[in-house]
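Heads up, the thing below is written out as structure tokens.
Values in this text are rule-based calculations from the coordinates and carry no lab data. None of the values given here were measured: they were computed from a predicted structure. Cβ sites come from the backbone with ideal geometry, for glycine too, and all protein chains shown count toward neighbours.
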Amino acid sequence: MIELKNISKTFKIARRNAGFGEAAKAFFHKEYEYVKALDNITFTIPEGEMVGYIGPNGAGKSCTIKIMSGILNPDGGTCVINGRTPWKDRINHAKEIGVVFGQRSQLWWDVPVVDSFELLKDIYKIDEKQYKQSFDELVSLLNLESIIKTPTRQLSLGQRMRCEIAASLLHNPKILFLDEPTIGLDAVSKIAVREFIKSINKNRKTTVILTTHDMQDIEALTKRIILIGKGKILLDSDLSTLKKQYTKHKIITVEYISGQPNLIDGLSVAENNKNRLVIAIDTSKISVSNAIAKLSESLDITDITVSSASAEEMVVSMYKELNI
Amino acid sequence: MKAYFTFFKIRFINGLQYRAAAYAGVATQFAWGFMTILMFSAFYKSNPENFPMTFENLTTYIWLQQSFLALFMAWFFDNEIFDSISSGNVAYELCRPTGLYEMWFVRSLSSRIYRVVLRCSPILIVAAFLPAPYGISLPVDIMAFFLFILSLALGSFLMVSINMLIYASTFYTISPMGIRILSVSIFELFSGAIIPLPFLPDNVHRIFNLLPFASTQNTPFLIYNGYLSGKSVFHALLLQIAWLFTFVLFGKLLFRDALKKVVVQGG
């Protein structure tokens with residue numbers, strides 16, 4: 001159970017213009033600016049849920065993760081995670097959470113991955129039996145047998161990221177914070193990581209909070225989305241509801257033998273190749289079935305596919321509409 | 001507790017890989033030790049009566065200093081700690097169920113100890129076989145030897161606890177360079193790294209003795225060679241303990257304050 005109430009955090013940032021003169025001036029008198037990174041963040045996440053935490057760069061996603069993992073002290077507000085305030089009881093809190101920062105590494109650089117795991121075993125005081133079980137499960141799920149004995153510095157990014165995720169789960173945490181876990185991964189590794197996160201959430205009932213810019217991650221993993229922009233929570237709802245709300249059109253691809261399309265109001269041609277037509281349907285004006293009916297009147301159709309706009313497009317229109 | 005021991009172990013294993021550095025270290029310390037001894041022998045030839053300790057005691061001091069250099073070298077810091085603060089990797093270390101101060105203390109201590117383990121024995125063995133006034137002599141008695149070990153341990157803990165303050169300062173200043181250079185210069189003079197403290201003028205010596213720097217390397221070496229004996233040994237040990245306690249306390253408070261204000265750099 002994660003409960004955040006009115007969490008705020010302000011950073012003091014030194015700013016100056018480019019150039020030597022400005023640098024010299026700043027040497028004597030620094031100008032600071034206060035940036036509100038988080039502004040009254042409030043949300044609740046029940047146990048076992050998987051939540052996508054999204055927002056543009058610099059919105060405050062990582063900052064929230066750091067507060068929830070007990071690294072940063074907020075300026076105000078309360079945060080209670082499994083009955084504890086993370087920054088006040090950091091050490092006990094740390095035993096129950098796992099964190100992956102996609103841009104950083106927690107593995108010992110020069111030694112084989114398995115040595116890092118052993119170290120974590122002692123740091124978290126995991127007993128031998130539980131460690132063995134957890135280790136075997138993670139190694140087989142993430143396909144690590146062949147890389148576990150290699151020094152971290154010789155791993156590719158994708159291999160390393162899989163090891164990073166395994167490292168964060170060795171102590172079987174109740175909550176897993178993933179800060180851009182798929183950053184820079186290829187398609188195969190991304191899918192492997194997603195599948196893994198899904199199965200961990202299902203089998204261990206781990207609460208997962210995921211920040212990412214990859215909307216396919218969100219689509220594949222989460223039902224609930226929290227959108228943050230400029231330090232404020234802008235939306236908190238179901239992915240499907242959001243999709244309905246922010247994607248007011250569907251894409252329909254028609255292959256036909258002959259005929260001229262009858263374009264009524266609400267339909268617009270996105271692409272018109274030889275006998276292949278891509279049409280965007282504005283669902284606020286015309287329903288999908290109506291559109292198909294109208295099209296089949298005028299065309300001799302051989303194939304038809306309906307697809308909704310991707311999460312990617314949804315986010316673009318959301319960012320635009322919310323002006324973030 | 002076990003976690004800290006494992007930390008120690010992994011650091012140790014990691015360090016054992018750097019053999020070439022250890023060989024080079026041994027060679028340097030030999031050269032340095034001989035040079036210092038030659039210089040002092042020139043002074044001693046002019047008038048041995050004017051010096052606070054015998055030439056044998058002095059050479060013993062110098063060889064001890066060279067063998068245990070890695071425990072007390074003031075310019076040595078764990079760069080990974082500085083990096084993790086200025087790059088923000090400290091975020092991961094703060095996600096662990098261990099105190100950051102304790103974790104880094106053990107880390108710094110172990111990187112000093114593995115260096116000493118690799119380097120001290122060749123120097124001590126060779127120095128033991130050098131002809132009489134130039135080599136290292138045995139401790140005055142068995143008691144002095146045990147007190148030396150105790151004092152050596154206290155001294156190296158104190159050394160690390162002073163380093164911890166410099167690590168902590170990086171949370172505030174981002175770049176550790178300025179304060180590092182300052183601390184190195186203070187240490188070199190005040191700890192007896194350049195010349196043993198008893199060689200300083202009496203009044204200066206008395207003051208320097210009370211400062212924390214003297215409690216690092218000066219005290220254990222002077223216990224070994226018998227310059228300190230009887231009551232003064234216990235006074236010196238008490239002073240070491242007091243300074244250690246003060247610095248650990250101060251360091252912990254500083255870390256607590258720093259972590260409250262910590263800004264994890266870089267996103």
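Here the sum of -39500 (n - 2.57) over DSSP H runs of 4 or more residues, divided by the residues of chain A, equals -10500 deg cm²/dmol at 222 nm, to the nearest 500.
Across peptide B:4-13, the average count of Cβ atoms from other chains found within 10 Å of a residue's Cβ is 3.
A helix-only calculation puts chain B at -24500 deg cm²/dmol for mean residue ellipticity at 222 nm, using -39500 (n - 2.57) for each DSSP H run of at least four residues, averaged over all residues.
Just in region A:276-314: which trypsin sites (Lys or Arg not before Pro) are loop by DSSP and have at most 16 other Cβ atoms within 10 Å? Mind dumping the intermediate values first?
Details: sites: A:ARG276, A:LYS285, A:LYS294; in loops: A:LYS285.
Here the trypsin sites (Lys or Arg not before Pro) that fit, given the DSSP loop and packing criteria, are A:LYS285.
Taking a ≥ b ≥ c as the square roots of the eigenvalues of the Cα gyration tensor, region A:9-127 is oblate, since a/c reaches 1.5 or more and a/b is not larger than b/c.
Count the DSSP beta bridges whose two residues both fall in chain A, then state the antiparallel fraction as a percent rounded to the nearest 5. Write out the running numbers ahead of the final one.
On the way: 44 of 62 bridges.
If I count the DSSP bridges inside chain A, around 70 percent turn out antiparallel.
Please report B:LYS252, B:LYS45 as a ranked list, fewest other C-beta atoms within 10 angstrom at the top and most at the bottom. List each step's numbers first, then the result.
Values: B:LYS252 18, B:LYS45 9.
Going from least to most buried by this count: B:LYS45, B:LYS252.
Computed on the Cα trace of region B:198-263, the radius of gyration divided by the Kirkwood hydrodynamic radius gives Rg/Rh = 1.16.
Highest mobility in the GNM of chain B, judged by mean-square fluctuation with C-alpha springs under 10 Å and restricted to B:SER87, B:SER111, B:SER215, is found for B:SER87. Reported to the nearest whole Å, the Cα centre-to-centre distance from region B:195-236 to region B:1-77 is 17. The loop-placed chymotrypsin sites (Phe, Trp or Tyr not before Pro) in region B:123-167, going by DSSP, that have at most 12 neighbouring Cβ atoms within 10 Å of their Cβ come out as B:PHE129. May I have the pair-distance distribution P(r) for region B:82-170, computed from all Cα-Cα distances with 10 Å bins from 0 and rounded to whole percent? Bin by bin from 0 Å, the calculated values are 13, 32, 27, 16, 10, 1.
Helix B:142-173 axis versus longest C-alpha principal axis of chain B: approximately 40°, rounded to the nearest ten. Each part reduced to its alpha carbon centroid, region B:126-150 and region A:207-280 end up 81 Å apart.
Shielding of peptide A:113-122 by partners, expressed as the average count of other chain Cβ atoms within 10 Å per residue Cβ, is 3.
Shape verdict for region B:2-261, please, from the Cα gyration tensor: rounded (a/c under 1.5), prolate (a/b greater than b/c) or oblate.
On the way: a/c = 1.99, a/b = 1.62, b/c = 1.23.
It comes out prolate by the Cα gyration axes.
Each of B:GLY155, B:PHE234, B:ILE195 was scored by the projection of its Cα onto the charge dipole of region B:2-261, and the greatest displacement toward the positive side belongs to B:GLY155; charges sit on the C-beta of Lys, Arg, Asp and Glu. What is the diffusion coefficient of the protein assembly as shown in µm²/s, taking the Kirkwood radius over Cα pairs and the Stokes-Einstein relation at 10 °C with a viscosity of 1.306 mPa s? After rounding, the answer is 56 µm²/s. Compute the acute angle (0 to 90°) between the alpha-carbon long axis of helix A:157-169 and the principal axis of greatest extent of the alpha-carbon atoms of chain A; round to the nearest 10°. Tilt of helix A:157-169: around 60 degrees.
With a/c under 1.5 counting as rounded, go ahead and sort region B:67-114 into rounded, prolate or oblate using the C-alpha gyration tensor (a ≥ b ≥ c being the square roots of the eigenvalues; past the cut-off, prolate if a/b is larger than b/c, else oblate).
Details: a/c = 3.76, a/b = 1.81, b/c = 2.07.
Note, shape of region B:67-114 comes out oblate.
Residue order for A:SER199, A:SER146, A:SER168, fewest other beta carbons within 10 angstrom first, comes to A:SER146, A:SER199, A:SER168.
Shielding by partners for peptide A:91-101, expressed as the average number of C-beta atoms from other protein chains within 10 Å of each residue's C-beta, is 3. Note on chain A: along the principal axes its Cα atoms extend 72, 57, 43 Å, ordered by decreasing extent. Bridging of A:LYS149 to aspartates and glutamates at a Cα separation below 16 Å is possible for A:ASP110, A:ASP115, A:GLU118, A:ASP136, A:GLU164, once same-chain residues fewer than 8 apart are set aside. Counted over the protein assembly as shown, the DSSP beta bridges are approximately 70% antiparallel.
Relative to the longest principal axis of the Cα atoms of chain B, the long axis of helix B:100-128 lies at roughly 30 degrees.
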